[in-house]
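Input: a single structure, listed below in structure tokens.
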Amino acid sequence: MQTDDLQNEDARVAYEAIMDAIVTQKLAPSQKVSENILSDMFGISRTVARNLIERLIAKHFLVSVSPRVTIVAPLTLLDIKQNFTLRKMLLPSIFSLTGPRADFDKLHRLNREIEAMKVMKDDETALAFLKKNKEMNLALCENVGYPLMLDWVRQLEDIAMRIYWLYLKTEQGLPYSSEQQGMTIEVMKCDEPGRIRTVIHDMLTQTEERILATIFRNEQFYTQDLRL
């Protein structure tokens, strides 16, 4: 392996580790970050840390609030509403385009794996559960045929992981069941784009309502940032 390839691989691993820390709030919403902080936390060089900070700012997971201060992007009710609004606009159309072209063997396998992971002993297994759920959601979209759409979906799914983490740690499960995921897979098999759009939109709406209900029920979230 060439040095450049190793550096790129190290940067990729570090990026994933930082994203995991943001999702699990080891890097909490609005927490200050810097090259030195990331270098110390993740064992990377300041150069790699600087490049990853720039990338995470571009993807809206970090926010530059002044020339010298960068923080983890806040997580607010507005962020949740915005994420679900965008997903309700985008995902029903993508699913209707993917329709019968989806890899249903893969989707059923992933759904079974998610069902088998329901017992979450600690943050590590909870995070693995969320990652498997993200893999499932991306698999539902992967045959849409439009690379830009898939980029948008990945961005929204990464943000959704931050939101689902709140629900997962509070309720010990996702805001929808594997049975509902199974229903999504089945409706994808039909060649009825209108029905697919309706089902997916309704499922996202129900998921949003469950998450908001959990937030409003728990006093620990009565702050601008939704921190555990």
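Brief remarks follow.
- Checked against a 30 Å cut-off, the cross-linked pairs 59/131; 26/81; 134/189; 169/189 give Cα-Cα distances beyond that limit for 169/189.
- Whole-Hz Karplus values for the range 11-19 come out as 5, 5, 4, 5, 4, 5, 5, 5, 4 Hz, taken residue by residue from phi with 6.51 cos²θ - 1.76 cosθ + 1.60 and θ = phi - 60°; glycine and proline positions read x.
- With Cα atoms, 0 to 90° folded angle of helix 193-217 axis to the chain main axis: 50 degrees
- Per-residue Karplus couplings for the range 54-71, computed as 6.51 cos²θ - 1.76 cosθ + 1.60 with θ equal to phi - 60°, are listed in order as 4, 5, 6, 5, 4, 8, 6, 9, 10, 10, 8, 9, 6, x, 10, 10, 10, 10 Hz, Gly and Pro entered as x.
- Placing unit charges on each Cβ (+1 for Lys and Arg, -1 for Asp and Glu) gives the chain a dipole about its Cα centre, and among 215, 34, 156 the Cα reaching farthest toward its positive end belongs to 215.
- Net dipole in debye of the range 2-119 [+1 Lys, Arg Cβ; -1 Asp, Glu Cβ; about Cα centre; nearest 20]: 560 debye
- The phi-based Karplus calculation (6.51 cos²θ - 1.76 cosθ + 1.60; θ = phi - 60°) puts the 3J(HN,Hα) values of the range 84-101 at 5, 4, 5, 5, 5, 6, 8, 5, x, 5, 5, 4, 5, 6, 5, x, x, 7 Hz, whole numbers, x for Gly and Pro.
- In this label model, residue 55 and residue 151 are separated by 1.5 nm, measuring between points 7 Å along each Cα→Cβ vector.
- Summed side-chain charge close to residue 167 - residues other than residue 167 whose Cβ falls under 13 Å, Lys, Arg +1, Asp, Glu -1: +1
- Span from the the range 1-70 Cα centroid across to the the range 87-162 one, whole angstrom: 24 Å
- Residue 36/residue 9 FRET efficiency (R0 22 Å; Cβ-Cβ; nearest 0.05): 0.45
- Element breakdown for the range 89-157 at a 1.4 angstrom probe: carbon and sulfur atoms account for 57% of the accessible area.
- Remark: relative contact order (the chain) = 25 percent; criterion is Cα-Cα distance under 8 angstrom and separation of 6 or more residues.
- For the range 64-191: relative contact order, % (alpha-carbon pairs under 8 angstrom, 6 or more apart): 35 percent
- Seen against the Cα atoms of the chain and their longest principal axis, helix 123-141 is set at about 50 degrees.
- Amide H partners (placed H, <5 Å) of residue 33, local residues excluded: 70, 71, 72
- Nonlocal amide H pairs with residue 62, under 5 Å, H built at 1.01 Å: 57, 73
- Separation in nanometres of the label points that stand 7 Å from Cα toward Cβ, at residue 82 and residue 122: 3.5 nm
The values are calculated or read from the model by the stated rules, or taken from the named source; none is laboratory data. Keep in mind the model is a prediction, meaning the values are calculated, not measured. Because the Cβ atoms are built from the backbone with ideal geometry, glycine has one as well, and the counts that use them run over all protein chains shown. These accessible areas exclude ligands, DNA and RNA; they are computed on the full protein's heavy atoms, side chains included. Shrake-Rupley method; radii C 1.70, N 1.55, O 1.52, S 1.80 Å.
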